[in-house]
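To start, the structure itself, in structure tokens.
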Amino acid sequence: MTYLDIHTHQFRATAESIEVLNLMVTSRQELDHWLNIIHQAQAHQYFSAGLHPWDLTSDRVEKDFAVLSEVLLHPKVLMLGECGLDRNTRVDWHLQMQSFEKQAHLASQLAKPLIIHCVRSFPEIVRFKQQIKPTVPWLIHGFNNNAQILHQLLNNQFYVSLGSALLKNDSNASKGISTIPIEQLFLETDDKNCTISSIFVAASKLLDVSVEYLQEKIYSNFNQIVLGHGQKSDDSKRES
């Protein structure tokens, strides 16, 4: 059985997990820089790439988007993101909205699922999904919000990824995990100093299931959104 880390900011030196490393693409680094990182990845290591709302500037956004569009053509880049909306940053709100919408459309054009960073902006993200009617899955990463927001996301067919908040029993993520259909659930390490195995252990205890069951189901989710909306990963051929 394999651990699946759907969103991380650093590769771990372990072959027991499939990892999707987030590339925060900006024009401060040229295309060759990002491709060099991708080419050094091991067989079980993949990527997502996106323009993070924290990094947006009006004078650079078009060049950033052009670099991103090229990076996304690489077959090891399975998903677009993280991108999204964040009311806690000083970045211009209109620029955030424009950039997110443009990336959402690009994700559908390239048939790559969208990984979303969302802070105090869930109504806007839900409205975008309702308006755009994307042809690829949308995944909220690092969710740790209240039950009402979680219910709204699930009703609008979002996938939800939970992370280190599961290590705290009183967190919103820990309280809400049992309401998430297993078919819409992912787990991640994000930028936290923890292992994906510790997240799986915490989730299995909260759900009262075995770690092996959780590995199987989340790996199946990964295959479903990648196989249904992109190329087949090498790891899909592994025996369970």
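The values are calculated or read from the model by the stated rules, or taken from the named source; none is laboratory data. All values derive from a computational prediction rather than experimental measurement. We place every Cβ from the backbone using ideal geometry, glycine too, and count neighbours over all the protein chains shown. Heavy atoms of the whole protein, side chains included, go into the accessibility calculation; ligands, DNA and RNA do not. Shrake-Rupley method; radii C 1.70, N 1.55, O 1.52, S 1.80 Å.
Couple of notes before you dig in:
- Contour minus Cα-Cα distance for Thr2 and Gln224 (0.36 nm per residue): 78.4 nm
- Modelled label positions at Lys63 and Arg127, each set 7 Å beyond Cα in the direction of Cβ, lie 3.3 nm from each other.
- Alpha carbon centroid spacing (whole Å) that separates segment 93-139 from segment 15-75: 17 Å
- The stretch between Thr14 and Thr179, if pulled fully straight at 0.36 nm per residue, gains 56.3 nm over its current Cα-Cα span.
- Remark: segment 101-112, residue by residue, has Karplus-estimated 3J(HN,Hα) of 4, 5, 5, 4, 5, 4, 4, 5, 4, 8, 6, 10 Hz, where x stands for each Gly or Pro and the curve is 6.51 cos²θ - 1.76 cosθ + 1.60 at θ = phi - 60°.
- All alpha carbon pair distances within the chain were sorted into 10 Å bins beginning at 0; the resulting P(r) in whole percents reads 8, 34, 38, 18, 2, 0.
- The modelled label-to-label distance for the pair Gln148/Asn169, using points 7 Å beyond Cα in the direction of Cβ, is 2.8 nm.
- Probe 1.4 Å, accessible area per residue of segment 54-152, Å²: 46 Å²
- Per-residue 3J(HN,Hα) values for segment 43-51, derived from phi via the Karplus relation 6.51 cos²θ - 1.76 cosθ + 1.60 with θ = phi - 60°, read 4, 8, 10, 10, 9, 10, 9, x, 9 Hz in sequence order (x marks Gly and Pro).
- The calculated FRET efficiency for Leu73 paired with Ala43, based on their beta-carbon distance and R0 = 30 Å, is about 0.90.
- Segment Gln98-Asp191, length gained on full extension (0.36 nm per residue, minus Cα span): 30.9 nm
- Computed 3J(HN,Hα) for segment 62-75, one whole-Hz value per residue from the Karplus formula 6.51 cos²θ - 1.76 cosθ + 1.60 where θ = phi - 60°, is 5, 5, 4, 5, 5, 5, 4, 4, 6, 4, 5, 6, 6, x, glycine and proline marked x.
- Under a 5 Å amide H cut-off, with hydrogens placed 1.01 Å from N, Ile18 pairs with Tyr3, Leu4, Asp5 among residues at least 5 apart or on other chains.
- Carbon and sulfur %, accessible surface of the chain computed with the full protein complex present, 1.4 Å: 48 percent
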